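Visitor: Structure below; questions to follow.
Laboratory data are not the source of any read-out in this text; all were calculated from the coordinates shown. Just so you know, these numbers come straight off a predicted model, no measurement behind them. Cβ: placed from backbone, ideal geometry, glycine included. Neighbour counts: every protein chain shown.
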Amino acid sequence: MTLKNKTEGGERKSIYDLLTIDKRFTRFIQHIEETDAVSEFKSIDKGTVFVPTNEAFDNHYIAQRKLEKEQLLYHILPVSIKSSEFYDGQVSETEATLHGVTQRLKIKKSLTKDIHVGSDGGQEESHVIDADMDARNGVIHVVDKILSLPKYLDETLSLVEETKNFHDLAKKAHIDKELRQAKRNTIFVAKDDFFGDDFDPVQKKYLLGQGEGIKDLARYLNHQISDDIYHSGDFKEGRTVIKTSEGSEDLEIDAKHNKLFPSTLTVNGVKVIHSDILSANGVIHVLESPILPKNKDFVKLNARKVLSGMNATRFIELFDENGLGSYLDDQHDVITILAPPNDSLDEKSFTMKGPSKDLLKYHIIQGRYEPSDLQDGQLLETESHDNLGDAYQRLNVHINSQSLGLTDHKLFRNNIQFGKSAVLGDPVKVGDNLIIYAISNSLVLPENSLEILPTNLDLSTFVAGLYASEAKKDIRDAKGITLFAPNNEAFQRLGLLAKYLLKPESSKKLKQVVTYHAVRGIFYENSTRDGEQRQPTLSSGAEITLNKTSDGFFIRGYGAADGDDRNIIGKVIKSDTLSSNGVIHTIDRVQVPKVLQITNRNLLTVGNTNSMIKLLERADLADKVLDVLDKDSPYTILAPTDRAFGRFNLSQLLEDHDKLIRLARSHIIPVALPRLNSGDISQNNFYYNIFGRKKYDQDTDDRDDHKDVPYLGVDIPTLNKDEYIVFSKNVNSGYTVRIKGTLTDYAQVIDLGQSSANGGVIEIDGVLLPKKENKKSGLPWWAVALIVIASLIGIVLVALGIYAAYRYYQSRRGGDISLGVLIALGVVNFFGNIVFSIVGWVIALIILFVEIPLCLKFCPTSPKFDAFISRFENSWFRAIMYLAFAIVMFLSHLLGSSTLIVCGVVLLLSAISYLAAAIMGQAFASTGFLGGTGVNNVV
C-alpha cells in the first residue's frame with residue numbers, strides 16, 4: 001500500500017502522521033491515544049518504529065484489553081535503522097523502561113533477508129512484513145504481531161528450553177525469587193545439564209538434596225550470575241573480567257566482534273552458543289558446557305555432605321542421636337565409613353533391634369581403605385568392640401574379581417562386599433583421611449557363638465557337648481575369646497572316650513574338654529604371628545599351644561610327642577568365623593587338658609561291655625586294670641561285648657575261679673593302647689594316644705610305647721604266662737585279634753578308646769579262650785572219626801577227579817571248563833571286582849568262538865573276526881592264548897583277593913594242556929556236535 005509521505009507543501013510527514021493516515025494502524029493509534037503516549041510518538045527524532053497491523057491486534061491475547069504505555073514504547077528504537085542495516089543477533093535499546101532498566105529488542109535476520117524482532121525469551125516474535133516506510137523523523141517497519149515486553153529472569157528461564165534446567169535448580173535453591181527481584185543480572189547457563197560430567201553422582205545427589213546441599217547449590221548457581229547486565233555487544237574486544245554474585249571467583253570473558261554478525265564469546269574458556277536472551281531485568285547467555293569454579297574445594301566436601309549425597313541422611317541422624325557425631329565432623333581420624341541408604345535403616349528389623357552404638361560403630365573401619373587396598377577374605381578392624389574386651393570387632397571383605405588381578409578401582413564396582421552388604425558405585429574420598437562407601441544395606445553385627453555353632457551341622461557333636469556340659473554360659477559370657485571347635489569326625493576319632501564324655505554323669509569332665517577349646521584372646525588366622533605361643537583357656541586357666549606355620553594354623557593340647565605329632569595336633573580347616581565375642585575356627589582334632597582323668601572303667605561303662613567289668617571284678621583285677629591312672633603302668637583291655645559273652649557258656653567256667661582268672665587275664669595286655677590307624681575300624685575313625693606318649697623309639701620296647709599293627713600282625717603278651725595276643729590288620733579294613741597258637745578263636749575290633757594312663761579299652765565281637773581251654777574244648781571221638789573218614793573219601797574223589805581231568809584235557813584241553821568258570825565267577829564277583837569280572841566275560845566270549853566253531857555259523861560275525869578266530873586252530877597258538885588270559889586273571893588280585901584267581905588257575909591248566917599237546921605233536925580235534933569236525937556236514 002502506497003501512502004503519501006509528504007504534505008501539500010512538499011515537506012515529508014512524520015512517523016506519527018503516517019500512522020494516523022494509514023488505515024492498517026488504526027488500532028495501534030487508538031492504544032497510543034488511550035495510554036497518553038501521543039507525545040512520545042510525536043517527539044521521535046530519527047527513530048525506528050515497529051508497527052503492528054490491525055490484524056495483529058485481532059490475533060493478540062489482549063485484543064480486548066488496553067496496552068500498557070511501556071509496551072507501546074517497546075516498539076520504538078531511538079535510532080533510525082533501515083532493514084538493510086539490520087544484522088542477525090543485533091540488540092538495540094528501545095524507549096521502554098521497566099524499574100529503571102531500559103528494555104532492549106533483539107533482531108534476527110535470516111539469509112533470505114527475513115527479519116524477526118522480539119526478546120528471544122521464549123515469547124512469540126514479530127515478523128517484519130513491510131519494511132522501510134520513510135518518514136521525516138525515522139523509519140517504520142510493519143510487523144504481524146504486537147511486541148511483548150521481556151519477562152523477568154525467573155520466568156524467562158522457565159520459557160526457554162535450553163535454560164529450563166537452570167530454572168528448576170534455581171527454584172530448588174530458593175533463588176528464583178531473587179532472580180525476579182534483581183535489578184540488573186547477567187546469567188551464564190549451561191545447555192540442558194547444569195552439572196555436566198564434572199560432578200560425580202554423589203556430589204549431584206548432595207547438591208540436589210536438602211539442608212547444606214541447598215546452600216551449596218545456590219553458591220554454584222550464583223557463581224554463574226553477575227550483578228550487572230552484559231549483552232554480547234557490551235564487552236570490549238579481547239578479555240574482560242566480571243564479578244559474580246557468589247563473589248569468590250571472577251569470570252573471564254573473551255569477546256570477538258564482527259560487523260554485521262553476532263559477537264563470539266567465551267566464558268572461562270567455554271563457548272557461548274546462544275547469546276542475548278533478553279529479560280526485563282537482565283540477560284541470559286547459553287554456554288556449551290558448565291562453568292564450574294576453578295577451586296576444587298569450592299564446596300568443601302565433608303562426611304556429612306557426602307553422606308547426604310549418598311541418600312544416607314538417616315545414618316547421619318542416628319550418629320547424632322547416639323552421640324557419635326564426632327566421627328562425621330572430626331576429619332583428623334583416618335577412617336573408612338560404610339553408609340547404608342535411608343530405606344535400609346528404616347527397615348522394621350533394624351528399628352526393632354535398635355540402632356545401638358556398637359552397631360553404628362561397626363560401620364566405621366579403622367584406616368582409610370581404597371578399593372585397591374582391599375583383598376578377598378580380608379578382616380578389617382572396625383570401631384565396634386562391645387563383648388570383645390580391648391579388641392575391636394572385625395568385618396570380612398569379599399571381592400568377586402580378586403582372581404583377575406584387577407588394580408583399577410573402577411573395575412571393582414559392584415564386586416566388593418563388606419559382610420553381606422554390596423558396595424554401590426565408586427567410593428568418595430574426603431580429604432586425605434576419609435573415604436566413604438555407599439553399601440546396599442546396613443551391616444549386621446556377628447551373632448553370639450551359641451547362635452552360630454548350631455547352624456554348622458558338622459559341629460553338632462561339639463554343640464551337643466557344649467550344652468550337655470553346661471559350658472554354654474562360660475562361652476556366651478566370655479569376652480574376647482577364640483573358639484577352636486572340633487568337627488564331628490574329630491570326635492569320632494575318640495571312639496569310646498567321646499561316648500563316655502557325652503554321658504550325663506561325665507558332664508564335668510566334658511566341660512573341661514569343651515572349655516579347653518576356648519582360648520582367651522582373639523587370634524585371627526591371618527593376623528596371628530608365626531611360631532608357637534602358649535595361651536590360657538577357659539578350662540581353669542589350663543594353657544594350650546598355638547602354632548602358625550607355612551603349612552597352616554595349628555593347636556596343640558596335652559599329650560603330643562612333639563610339635564609335629566599330627567596324631568594329637570589339631571589343624572584349622574575352616575578359619576575366621578566371626579562371633580559377637582570373638583572368632584571361631586573349625587579344627588580336625590579334639591584337644592584334652594592335662595587334668596582330664598579317664599580310667600578303663602569309665603570306658604567300659606559306655607555301652608555293651610558290662611559283662612567284662614563283672615568278669616574283671618570276679619577275677620580280682622578291678623583295682624589293677626580298671627581304675628589305674630599310672631602312665632608308667634598302662635593296661636589295655638580287650639573287652640568282648642555283652643552279646644559275645646551271651647554266645648559263650650560261662651556257667652562251667654565261673655565255677656572254677658582259676659579258669660575265670662585265666663580267661664580274664666587273656667583279655668588284658670600290659671601295654672599302651674596299640675596304634676590303630678584312622679579309618680580302619682568300621683564304626684569310627686579312632687585316634688590313638690589322645691592323652692600323650694613318649695616319642696617312639698624303634699630301639700626300645702617299653703610297655704608304654706604304642707605298638708604299630710601291620711598286616712602280618714604283632715604279638716603282644718597278655719597277663720597269662722607265655723601267652724600272646726596277635727593283632728593283625730585286615731586286607732580290606734578293620735583289625736583282628738586272636739590268641740597266638742589258635743586259628744579258630746579270633747575276634748574283630750569294633751571300637752576302642754584311650755585312658756589317661758595311655759592304656760584303654762578295645763571292644764571286640766568275640767570271647768578269646770586261653771590255649772588250654774581251646775585244647776580241652778576239642779571235638780568228641782566220633783566227630784574226629786567222621787572227619788577222618790570224610791578226609792579219606794575226599795582224597796579218593798580228588799584222585800579220581802585228577803585222572804578224569806587228565807583224560808578230559810587230553811581231548812578237550814580244558815577250554816569249555818574255562819568258559820564256564822569265567823562266566824560263573826564273573827557273576828559272583830561282579831560287585832566286588834567289577835573291572836576284572838567284565839574282563840573275564842570278554843575272555844569267555846573269545847573262548848566261546850574259539851572252542852565252539854558252530855557259533856561262527858550262527859552268529860553274524862565279520863570275515864575279519866572269522867579270520868582272527870581261525871588263527872587259533874592249532875595247539876601252539878591256543879597255548880599262548882590261554883597263558884595270556886591266565887596272566888590277565890591273575891592280575892585281578894591287585895584289586896583285592898577274590899575267587900577270580902580260580903579263573904587264572906583253570907586258564908593256566910588249559911594253557912599247559914595245549915602246550916603239552918603241541919610238544920607231543922598231537923593233532924588238534926574238536927567235537928562235531930559243537931561245530932568241530934564234520935560241522936559242514938551237519939550244516
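Visitor: Once you place label points 7 Å from the Cα toward the Cβ at residue 789 and residue 655, how far apart are they in nm?
Guide: Those two pseudo-labels are separated by 3.2 nm.
Visitor: Could you tell me which of the pairs 106/191; 499/594; 108/164; 357/420; 177/256; 42/113 are separated by over 24 angstrom between their Cα atoms in the structure shown?
Guide: 177/256; 42/113
Visitor: Enumerate the whole-percent occupancy of each 5 Å bin, from 0 to the last occupied one, for all C-alpha pair distances of region 87-203.
Guide: So the P(r) values, bin by bin, are 2, 10, 15, 20, 17, 13, 9, 7, 4, 2, 1, 0, 0, 0.
Visitor: Could you list log10 I(q)/I(0) for region 513-649 at q = 0.18 Å⁻¹, which the Debye formula gives when each Cα is one point scatterer?
Guide: -0.97
Visitor: Based on other C-beta atoms within 10 Å, arrange 307, 169 from fewest to most.
Guide: The fewest-first ordering by Cβ neighbours comes to 169, 307.
Visitor: Quick check on region 449-587: of the DSSP beta bridges with both residues there, what percent are antiparallel, nearest 5%?
Guide: 80 percent
Visitor: Still on this model: Restrict the search to region 96-159; then list the GluC sites (Glu not before Pro) that DSSP places in a loop and that have at most 13 other Cβ atoms within 10 Å of their Cβ.
Guide: Within region 96-159, no GluC sites (Glu not before Pro) qualify (loop, at most 13 other Cβ atoms within 10 Å).
Visitor: Using amide H atoms built 1.01 Å from N in the peptide plane, name the residues 5+ places from residue 12, or on other chains, whose amide H lies under 5 Å from its own.
Guide: 7
Visitor: Normalized C-alpha radius of gyration of region 483-567, against 2.2 N^0.38 Å?
Guide: Region 483-567 yields a ratio of 1.16.
Visitor: Between residue 95 and residues 5 or more places away or on another chain, which pairs have amide H atoms under 5 Å apart, with H built 1.01 Å from N, and which residues are they?
Guide: Those lying under 5 Å, H to H, from residue 95 are 76.
Visitor: Apply the Karplus curve 6.51 cos²θ - 1.76 cosθ + 1.60, θ = phi - 60°, to the phi angles in region 305-313 and return the couplings in whole Hz, x for Gly and Pro.
Guide: Those phi angles translate into 5, 5, 4, 4, x, 8, 6, 10, 5 Hz.
Visitor: Tell me, what ³J(HN,Hα) does each residue in region 126-135 have, in order and in whole Hz, if you take phi through Karplus 6.51 cos²θ - 1.76 cosθ + 1.60 with θ = phi - 60° and put x for Gly and Pro?
Guide: So the J values, rounded to whole Hz, are 9, 9, 6, 9, 8, 9, 6, 8, 6, 9.
Visitor: So, one more: How far apart, in nm, are the 7 Å Cα→Cβ label points at residue 464 and residue 110?
Guide: 9.4 nm
Visitor: Just need the relative contact order of region 449-587 here, percent rounded to a whole number, with Cα pairs under 8 Å and 6+ apart.
Guide: 25 percent
Visitor: Net charge near residue 287, counting Lys/Arg +1 and Asp/Glu -1 over other residues with Cβ under 9 Å of its Cβ?
Guide: Taking every Cβ under 9 Å from that of residue 287, the sum is +1.
Visitor: Once you wrap a convex hull around the alpha carbon atoms of region 15-143, what is its projected area averaged over all directions, in nm²?
Guide: It is 7.7 nm².
Visitor: Non-local amide H neighbours of residue 131 (under 5 Å, H modeled in plane, Pro and chain starts lacking H): which ones?
Guide: Amide H neighbours of residue 131, under 5 Å, 5+ apart: 142.
Visitor: Radius of gyration and Dmax for region 153-287's Cα atoms, expressed in Å?
Guide: Rg then Dmax for region 153-287, in Å: 14.6, 49.
Visitor: Pop out the ³J(HN,Hα) list for region 219-235 in order, Karplus 6.51 cos²θ - 1.76 cosθ + 1.60 with θ = phi - 60°, rounded to Hz; leave Gly and Pro as x.
Guide: Per residue, the Karplus-derived 3J(HN,Hα) values read 5, 4, 5, 5, 5, 10, 10, 10, 8, 9, 9, 10, 7, 4, x, 7, 7 Hz.
Visitor: Additional query: For the pair residue 331/residue 633, report the inter-label distance in nm, with labels modelled 7 Å from Cα in the Cβ direction.
Guide: 8.0 nm
Visitor: Taking a label point 7 Å from the Cα of residue 248 along the Cα→Cβ vector, which residues of region 187-221 have an amide N closer than 15 Å to it?
Guide: Only 207, 212-221 fall inside the zone, counting backbone N under 15 Å.
Visitor: Would you please give the FRET efficiency between residue 298 and residue 197, computed as 1/(1 + (r/R0)^6) with r the Cβ-Cβ distance and R0 = 22 Å, to the nearest 0.05?
Guide: Computed FRET efficiency for residue 298 and residue 197 comes out at 0.85.
Visitor: Considering only the other residues whose Cβ falls under 15 Å of the Cβ of residue 319, what net charge follows from Lys and Arg at +1 and Asp and Glu at -1?
Guide: With Lys, Arg at +1 and Asp, Glu at -1, the neighbours total -3.
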